[in-house]
Amino acid sequence: MSQLALREFHSFQAAGKDFVYLVPSAAVFELDDSSAAVINRLRAGNISREDLARQLSALFPASEVDETISELLRVRAIGEIGVPEKKSPKVMPPENFPLTTMVLNVTNQCNLSCTYCYEYGEDKIVDTENGKKPKFMSEETARESVDFMLREAGANKVAHLTFFGGETLMNFPVLKSAMSYARQRAAETGKQVDFSLTTNATLLRPEIIEFLAENRVGVTISIDGPKEMQDQFRVFSNGKGSYDIVAPKIKELLKRHRSRPIGARVTLTSQTLDIRKIYKHLTEEIGFWDVGFAPVTTSPSTKYAIAESGFDAMLEQFRALAADFLEAALENRHHGFSNVKDTLEEIHKGVSKAYPCGAGLGLMGVSTDGDVALCHRFAGSDAHKLGTVRDGIDRLVQIGFLEKHHIDDKTDCSQCWARPLCSGGCYHEAHTRYGETARPNLHYCEWIRGWTDTCLKIYAELSVSNPKYLEQFDEKVDYEASQVS
Ligand code: SF4
Ligand code: SF4
C-alpha cells in the first residue's frame, strides 16, 4: 500500500485563510478545511491513503477526503512514496534565444564619484581608468550595436534599447544618433524599438528633457532619497553632495515628460535604510511615479555594506512599506513601491526561473568598444565577454555559461522553497561577494525568503479580497528593460 508524503511547499496565512506556495509548479494554492486537514496530518508523518481517509472520517465524508487527496496529488502538494517523482529534466533555453533588451554603455565615465559605485570603487570589475576601453562609445559602435540588437532579436517584433553608463548623458550625442539610426533600421526590418535610459540627473537640461519627452524615452533616475541621504554617497569628486543640483532638474523632467511614468531607483546602504522616509520623499515631495530599492552591491567589509542585522532591519522596513502598498491595492489606488509589484507579477505568472535574470540570455550589455557581456554590469569585463557586436555571440561561450549557471546545478538552492523566484540571485552580486558568478548569494537567503513570504501574503490577500487588482498582470509587461541599474 503506497504511502502519501508531503512535497515541497511553503505554507502561509493571508486573509484568515491557509495557503501554500507550491515549489514544483510555482503556484499559490488556497487550502480549504479538508486539504488543510490532509496536509496537517501528513506533517506528523507519511501515511497510506486508506489510513488517512479513516483518520479524517469523523471530520469529512470519505468521498471528500478522497477528492482532496487526488487534488493535492494533482497540484503536487503531496506525493506517493515509491511512485517515482516525475523530475523534470534540466531544461536549457533554446539555441539562438532572442535578445529582448540590449543595454548600451555609451560611456564608462561619470561626473559623480558615488562612494559605493561598483564601477569605480573597490568592487569594480572593469578597469575604467587604465584599461584599453574607450571612455566614450563612438557613433559607429552604437550603430553596429543597433544592427546587432535587431539581428539578435530574431522573430521578436519589439526590441528594448537601454542606454547606460557611467553617466549616460555624458554621451548624449551618441545616444541621440543611435536612437535615430535604430528607428530607421527598425522600420526597414519591420520591428519597433523601445528606448529607455538610466541617469543620475545631474546633466538634465531643457533640451535634453524636451528630447526625452518628445521621444517617449523611459527614464529611471538613480537617487537615494532626501538631501541628507543623497549627499552621503552620491557626491561629486570634491565631496560635495548632488541633491541640490538634481532635485530641481528632476522636478522639471517630471513636469515636462508625461508620456511615460518615471521611476526612481534607490541604492540602500547600512547608513541609509529608512525606506519609508525615502519613499515618501521621492513620491510626495519630488513626484516620482514609482520607486525601486536595492541593497548596495559590495564586499561585506565595506562600512556601507548591509550586514546580517541590517538585512533584518531592511526587511522590517520593506514590510512596513509593503503594508501601505497592500492598503492602496485593496482600494485600487496606485502605490509606487515597485519591488512589490514586480514580485506580484512574477507570482501571478507562475514564474519558475532557471536563471535569476535575463543576463546572457534575453539581456546583454555592450561596452564602449562593442564587446558584448552578460549584462551592463559586466560590460567591458573580458572574463564575462560573450562576443562582440561585429562578430556576434560566441554560442559555445554562451551555452557554457548557461549550462554552468542553471538552477539545477546550484545544490545550495536545491532545498529552498524560494528558488522558483530567486534562482540564486544576481551574478554580479555573487561575483562581488564571492568572486564567482555561479555561486548562489547565500548571504541574503533569509532576507529573500522573508521578502518572498511577504509578497506571497500580499498576493493571496489580494486574490481573496480584490482579485480584480491582479488582472493587470494578465497582460505581458516587460519590466526587464526598466530594471537596469
Ligand atoms: S540563493 Fe538562497 S534564497 Fe535564493 S534560491 Fe538559493 S538558497 Fe534560496
Ligand atoms: S540581476 Fe545582476 S546579473 Fe542580472 S542583469 Fe541585473 S545586475 Fe546583471
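For the range 3-80, what number results from the quotient of the Cα radius of gyration and 2.2 N^0.38 Å? Show your work: numbers first, answer last.
Numbers: Rg = 11.7 Å, N = 78, 2.2 N^0.38 = 11.5 Å.
Scaled against compact globular proteins, the figure is 1.01.
For Y181, Y434, what's the fewest-to-most ordering of other Cβ within 10 Å of each Cβ?
Numbers: Y181 18, Y434 15.
Going from least to most buried by this count: Y434, Y181.
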Of all GluC sites (Glu not before Pro) in the range 20-94, which ones are in loop regions per DSSP and have a Cβ with at most 15 other Cβ atoms within 10 Å?
-> E85
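If you filter the range 295-397 for trypsin sites (Lys or Arg not before Pro), then keep DSSP loop positions with at most 10 other Cβ within 10 Å, what is left?
Values: sites: K303, R319, R333, K341, K349, K353, R377, K385, R390, R395; in loops: K303, R333, K349, K353, R377, R390.
For trypsin sites (Lys or Arg not before Pro) across the range 295-397 that sit outside H, G, I, E and B with at most 10 neighbouring Cβ atoms in 10 Å, the list reads K303, R333.
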The chain pair-distance distribution - Cα-Cα, 20 Å bins, rounded % = 22, 53, 21, 4
Calculate, axis by axis, the spread of Cα positions in the range 407-480 along the three principal axes, and write the results as whole Å, longest axis first.
-> 44, 25, 21
Relative contact order for the range 3-80 using alpha-carbon pairs under 8 Å, separation at least 6, rounded to a whole percent?
-> 40
What's the extension gain from E80 to T189 if we count 0.36 nm per residue and subtract their Cα-Cα distance?
-> 33.9 nm
Degrees, to the nearest 10: 172-189 long Cα axis against longest axis of the chain | 60
Round to the nearest 10 and give me the degree value, 0 to 90, for the angle of helix 395-404's Cα axis relative to the longest principal axis of the chain.
-> 40
With each pseudo-label sitting 7 Å past Cα toward Cβ, what's the D409-R258 distance in nm, one decimal?
-> 5.2
Where trypsin sites (Lys or Arg not before Pro) fall in DSSP loop in the range 186-272, at most 16 other Cβ within 10 Å | R216, K240, R258
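For the chain, what does -39500 (n - 2.57) per DSSP helix run (n ≥ 4), summed and divided by total residues, give at 222 nm, in deg cm²/dmol to the nearest 500?
Details: 16 runs with 180 residues, N = 485.
Rounded to the nearest 500, the figure is -11500 deg cm²/dmol.
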Return one number: the angle in degrees, 0 to 90 and rounded to the nearest 10, between the long axis of the Cα atoms of helix 62-74 and the longest principal axis of the Cα atoms of the chain.
-> 30
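By counting other Cβ atoms within 10 Å of each Cβ, how are W451, W417, W289 ranked from fewest to most? Spell out each step's value before the answer.
Details: W451 23, W417 18, W289 15.
Sorted ascending by nearby Cβ count, the order is W289, W417, W451.
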If the cut-off is a Cα-Cα distance under 25 Å, which lysines reach K240, setting aside same-chain residues fewer than 8 apart in sequence?
-> K124, K135, K227, K249, K251, K277, K280, K303
Report the one residue of A159, S177, T189 whose Cα lies farthest in the direction of the positive end of the charge dipole of the range 149-203 (charges on C-beta: Lys and Arg +1, Asp and Glu -1; origin at the Cα centre).
-> T189
Once the dipole of the range 303-443 is set up with Lys and Arg at +1 and Asp and Glu at -1 on Cβ about the Cα centre, which of Y304, G362, H428 lies farthest towards its positive end?
-> G362
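Readers should treat all values here as calculations from the given coordinates under stated rules, not as data from a laboratory. Small disclaimer: the values here were computed from a predicted structure and weren't measured. Every residue, glycine among them, receives a Cβ derived from its backbone with ideal geometry; neighbour counts consider all protein chains shown.
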